[in-house]
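Beneath this line is the structure, given in structure tokens, with notes to follow.
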Amino acid sequence: MELLDRLALRGDLVALKSGRLIIEPASGADVPDDWLKLHSDELALALATRASIPLYKYIGYTVGSYGKHKADGATLRFVSMTTGEEVYAVYNIDRDRIKDSAQGKAGSKLSGKQFRITEKMALYKLWLRAELPEPDRKYLSEFHRVMGRLKTVLLTMRVSDGVADKNTIQAVTVPTDGAHKNRGKVGDKTGEEVGKNGGKITGIENPAKPSNARHTGEPDYVSDKVRLKLISKEVSKDALPSSNTFNTTHSINTYNRSTTPAAPQDQSVDDWLNDYDPTQSITQH
């Protein structure tokens, strides 16, 4: 049984809203940050897969001059959380220096990956569809400084031959499924009521390591080892947990709490749930 299903049986609410994972435990307790870093991708991917929504992460950008007119552009790169496939979309930007400075004369190209945009450009519209806060106007002239914020949002988009339709890129929202609506009792209150006052919304500055949620039997399935390698090579090392990837197929008997706690990859789903909320006992299936 997948981790998402186990949380649903406990009466916990799990959903994706505006590109971020939301967990509201029926117990009303906060979800530990370390636990979220290890399992947020697995839960997000399970939700999106069941809703038949492709899930992507932004991994970076490059700048250049494209076409016969050498127009300034930024190539944004994204990676599929299901297959590890890398896709891209190109946006118009402005790289011309406005005035003379110690770095160069007016009209020359800004150095490195620096660029600016206007509110009429498609990249600004992407920003709004990603449901990120509108950047201060001062950042429009230095938009490269805020691009990392896209890594905090899980995205969906239409893709053809490795090219993303830039007008379809947006933050993903997947409401909780019917199984989560049957919330359990917590004292005299329903889990639904308690969950509204507790829980945790993830918003990690750099994304955690992608999950090992398996989707066998699908034609585009890529093994966990290959997929994680493809994704992790583009994601900041600071964003990745220090432990190795975990495996949901381990036996529930591989962990003994009377001994030194096992690494996440050696724990069962029940062990993960106990780390997530040790106040509740889990019925094993």
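The listed residues are A15, A29, and the only one of them that is farther than 26 Å from A130 by Cα and either of a type in the set (A, V, I, L, M, F, W, C) or modelled with pLDDT of 95 or more (or both) turns out to be A29.
Screening the candidates I53, I22 for the property of being farther than 16 Å from R158 by Cα and within 14 Å of the chain's Cα centre (by Cα) yields one hit, I22.
Could you tell me which residue of the range 39-77 is surrounded by the fewest Cβ atoms within 10 Å (Cβ to Cβ), considering only residues that are of a type in the set (F, W, Y) and in contact with a helix residue (DSSP H, G or I) (Cβ under 9 Å, 6 or more places away or on another chain)?
If we filter the range 39-77 for residues that are of a type in the set (F, W, Y), which is where we start, we get 56, 58, 61, 66.
Still in the list and also in contact with a helix residue (DSSP H, G or I) (Cβ under 9 Å, 6 or more places away or on another chain): 58, 61.
Values: Y58: 24, Y61: 22.
That would be Y61.
The set of residues from the range 124-168 being loosely packed, with under 15 Cβ neighbours inside 10 Å, free of Cβ contacts under 8 Å to residues at least 12 places away in the same chain and touching a Phe, Trp or Tyr at 6+ places or on another chain (Cβ under 7 Å) comprises just one member, R145. Is it the case that some residue within the range 112-133 is outside the structural domain of L155 (by TED's automatic domain parsing), aromatic (F, W, Y), part of a helix (DSSP H, G or I) and more than 18 Å from R158 (Cβ to Cβ)? No - not one qualifying residue is present in the range 112-133. Among the criteria (1) of a type outside the set (G, A, S); (2) within 24 Å of S18 (Cβ to Cβ); (3) in a helix (DSSP H, G or I), the one K138 does not fulfil is (2).
Taking the criterion of being surrounded by fewer than 20 Cβ atoms within 10 Å (Cβ to Cβ) and not in a loop (DSSP other than H, G, I, E, B), the residues of the range 5-20 that qualify are D5, R6, L9, A15, K17. Entry remark, the range 28-86: residues being of a type in the set (A, V, I, L, M, F, W, C) and outside any helix (DSSP H, G or I) number 13 in total.
The values are calculated or read from the model by the stated rules, or taken from the named source; none is laboratory data. All values derive from a computational prediction rather than experimental measurement. As a convention, Cβ positions derive from the backbone with ideal geometry for all residues, glycine included, and neighbour counts pool all protein chains shown.
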